[in-house]
Structure formats: C-alpha cells, structure tokens
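In what follows, a single structure is set out as structure tokens and then discussed.
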Amino acid sequence: MTGLTHLDNEGSARMVDVGAKTVTQRQAVARGRITMTPDAAAAIAAGSVQKGDVLAVARVAGIMAAKKTSDLIPLCHPLPLSKVEIDLALDDTGVTVTATAATAGQTGVEMEALTAVSATLLTVYDMAKALDKRMTIGDIRLLSKTGGKSGDWHA
C-alpha cells in the first residue's frame with residue numbers, strides 16, 4: 001500500500017518478519033545534546049549535584065534503555081545486544097551524548113542507539129533539573145549504521 005515495512009497491505013501496523021534475513025554484525029551510532037547554564041555544567045563537573053554522580057547514573061540509564069528498546073517502541077524487535085557504549089562529553093554549556101549499540105542479528109540496532117541517547121539525556125535533565133529547569137534536549141540523530149542488506153550508512 002505505502003511501501004513502508006511496518007504497514008500491511010491494508011495499512012495496519014505490523015511487526016516486520018525478519019526470520020528469513022541473514023544474521024550479520026550490525027552497529028549503530030547516535031548522538032544528542034543537552035544544553036544548560038554554565039553553573040549547572042560546573043556543578044556536574046565538580047560532582048556537587050545533590051542527587052549524585054550525574055554522568056555515571058545517566059550512562060547506566062542509557063545502557064538500560066537500549067536493552068529495553070523493544071518494550072518502549074511498539075514494533076521494534078527485541079535484540080540480543082552484544083555492546084552498548086555511552087560516551088558523555090561535558091563542556092561549559094552542556095553534555096553531548098554518543099551511544100553505540102551492536103548485535104549479531106537479523107535487524108539493525110538504530111533504535112537501540114537512539115533510545116540510549118534519549119534516556120541518557122533525560123536522566124541528565126532529571127538529575128540536574130534543580131539547577132536549571134531551562135535545559136534543552138535536542139539534536140538527537142543517527143550518525144551511522146553498519147551491517148545488513150542495505151549496507152553501511154554514515155551521516
């Protein structure tokens with residue numbers, strides 16, 4: 001009907017059957033950013049945020065979220081992730097998060113990488129909101145994906 005893989009011929013949502021696809025090594029990298037006041041960034045850097053180590057907790061939240069992506073995104077396949085890596089780069093105006101997800105599977109891990117970035121950024125917000133309620137989360141995007149029938153893609 002539309003050429004979209006998550007819609008059947010009648011336009012109803014469906015989970016794509018990936019059973020016949022070849023298992024390949026797949027990896028995806030996503031990035032996003034949260035901006036904040038210099039005072040909030042300094043408090044995170046100093047480890048003086050009342051709720052604790054913001055970056056450590058946010059990293060764990062991102063890893064956990066990647067593992068639960070299929071519980072959050074309705075038509076996403078559950079995947080056995082072989083790697084989830086969260087890189088947090090703090091500067092004087094915020095935190096840039098880069099997440100890498102990998103698996104040997106029949107479908108890609110783009111959603112897992114994007115979910116990891118999103119949850120990591122939301123956790124930074126949650127832990128630092130007492131310092132700056134105007135923090136802005138944005139620019140969440142896929143940077144690259146490798147493996148699978150469609151091959152490699154880089155932004």
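The values are calculated or read from the model by the stated rules, or taken from the named source; none is laboratory data. Nothing here was measured: the structure is a model prediction, and the numbers come from that model. Note: accessible area is taken over every heavy atom of the protein model, side chains too, but ligands, DNA and RNA are not part of it. Shrake-Rupley method; radii C 1.70, N 1.55, O 1.52, S 1.80 Å.
Numerical summary
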| item | result |
| --- | --- |
| Whole-Hz ³J(HN,Hα) from phi, Karplus 6.51 cos²θ - 1.76 cosθ + 1.60, for the range 101-118, glycine and proline x | 10, 9, 7, 9, x, 9, 8, x, 10, 4, 5, 5, 5, 5, 5, 4, 4, 4 |
| With Cα atoms, 0 to 90° folded angle of helix 54-67 axis to the chain main axis | 10 |
| Per-residue [θ]222 nm for the chain (sum of -39500 (n - 2.57) over DSSP H runs n ≥ 4, rounded to 500) | -9000 deg cm²/dmol |
| Nearest-10 value in Å² for the accessible area of I137, using the 1.4 Å probe | 60 |
| Equivalent ellipsoid semi-axes, the range 59-110, via Cα gyration tensor eigenvalues times 5, rooted, Å | 24, 12, 9 |
| Where Cα atoms sit under 29 Å apart: lysine pairs in the chain separated by 8 or more or lying on different chains | 22 |
| The chain: relative contact order as a whole-number percent, Cα under 8 Å and 6+ apart | 36 |
| Karplus-derived 3J(HN,Hα), 6.51/-1.76/1.60, for each residue of the range 121-138, Hz, glycine and proline x | 5, 4, 5, 4, 4, 4, 6, 10, 4, 5, 8, 7, 6, 9, 4, 10, 9, x |
